[in-house]
Structure formats: structure tokens, C-alpha cells
Amino acid sequence: MDSTIASLLAAVAGVVGTLLSPVLAQRSMARTALATAEAEQQARREEREESARIASLEEKRQAYATLNSLARVARNVMKDSVRYYHERGEVAAEDLELVTNARLAYQECYDNAQMILPDHILPLASRLNGSLAKGFHLIKSLATQGTPTPEEIRDHCEGPILQMVTEMRTAMRKDLGVSSS
């Protein structure tokens, strides 16, 4: 009887194994499919995060480039108005308009950039904004009151404004990873 029971148990094990093998294979395939789906989902998530990081970096790069460019334009327009003052003996209305337009363009860019500038760049941009505002007011005062001297305005353009433009540009380039200094 022992051999009969052993044979019966072997037959039952064989039948159970035969019946369970499709179920076990299906579970194995389901686990594989789930792991594949999770890996694909993770890859898509990483791709979205990388795309968002690249878009953010591009937005920052564009803001930095525009801010730097408009600050330089404003400084150059102020210097030009002083040079023309020496030639004409007055700040012409069109020069004052150019200075005003350059200042407004920079101000609009600065206002927008405040929302994306990192904490270590924002104070530099703020100080530059203040220096440009002072330069604008000096030129406006020269045009309306004849003071300060053109040399004071030139010195302001060559001193504080130039220093701030340079300092901010250096910090922005470092932040973007294009400069080691």
C-alpha cells in the first residue's frame, strides 16, 4: 500500500503541477509586465523632469541675457547723451527719450526677472537697477536744471553702473555654469 500511496501522491503532484504551471507562468508574466510598466513610467517621469529642468535653465538663460543686454544698452545710451551734451551744450529731447526708453525697457525686464532670479543674483540686479535709476535721474536733472555736471554722470556710468553690470554678468555666467570665476 505504501507504493500505491506513493504512486497516488506522485500522480496528484503531477496533476497539480500541470494545473498550476499555467497559473504560475501567468503570474510570472504579470510580474514582468508590471516591472516593465513601472520602468517605462519611471523613464517617462525622468524625461519630463529633465525637460522641465532644461526649460527652466533656458528661461533663466534668456532672462539673464536680456537683463544684461538691456543694462548695457541703458548705460551706453546714458554715456551717449553725455557725449552729445558736450557737443550741443544741452540734452536734446530725442536723447532724453532714448534714455527714458532704455530705462523703461530695462525696468520691465527687471520687473519680470525678479520672479525667476535666484536669491544670490536678485540683490545684484536690484543694486544695478538702483544705479541705472540714479543715472537716469542725473541725466533728467541735467536736461531740466543744468546740474549735475556731465562729468559726474559719465563717472557714474563708468563707475557704479559699469561695476554693477560687470558684477551681475559674472554672477549670472557662474550661475549658468559657463564661467569658473
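Return a yes/no flag: does the range 70-85 have any residue that is in contact with a Leu (Cβ under 6 Å, 6 or more places away or on another chain) and surrounded by fewer than 18 Cβ atoms within 10 Å (Cβ to Cβ). No: zero hits.
If the condition is being among the aliphatic types (A, V, I, L, M) and within 14 Å of V99 (Cβ to Cβ), then the range 130-181 contributes L132, A133, L138, I139, L142, A143, I153, I161. Of everything in the range 145-169 that's touching a helix residue (DSSP H, G or I) at 6+ places or on another chain (Cβ under 9 Å), among the β-branched types (V, I, T) and part of a helix (DSSP H, G or I), which residue is nearest to K79 (Cα to Cα)? So, considering only residues that are touching a helix residue (DSSP H, G or I) at 6+ places or on another chain (Cβ under 9 Å), among the β-branched types (V, I, T) and part of a helix (DSSP H, G or I), the one nearest to K79 (Cα to Cα) is I153.
Within the range 86-121, work out how many residues are of a type in the set (K, R) and surrounded by 19 or more Cβ atoms within 10 Å (Cβ to Cβ).
So the first thing to find is which residues in the range 86-121 are of a type in the set (K, R), and the list is 88, 103.
This time we only want the ones that are surrounded by 19 or more Cβ atoms within 10 Å (Cβ to Cβ), so: 103.
Qualifying residue count, the range 86-121: 1.
Right, L142: open to solvent by 30 Å² or more (accessible area, probe 1.4 Å) and not charged (D, E, K, R) or not? The answer is no for L142. Here A65 clears all of (1) exposed (fewer than 15 other Cβ atoms within 10 Å of the Cβ); (2) aliphatic (A, V, I, L, M); (3) touching an Asp or Glu at 6+ places or on another chain (Cβ under 8 Å) except the condition numbered (3).
The values are calculated or read from the model by the stated rules, or taken from the named source; none is laboratory data. As the structure is a computational prediction, the values presented were derived from the model and not from experiment. Using ideal geometry, Cβ is built from the backbone for each residue, glycine included, and neighbour counts are taken over all protein chains shown. All accessible areas refer to the heavy atoms of the entire protein, side chains included, with ligands and DNA or RNA removed. Shrake-Rupley method; radii C 1.70, N 1.55, O 1.52, S 1.80 Å.
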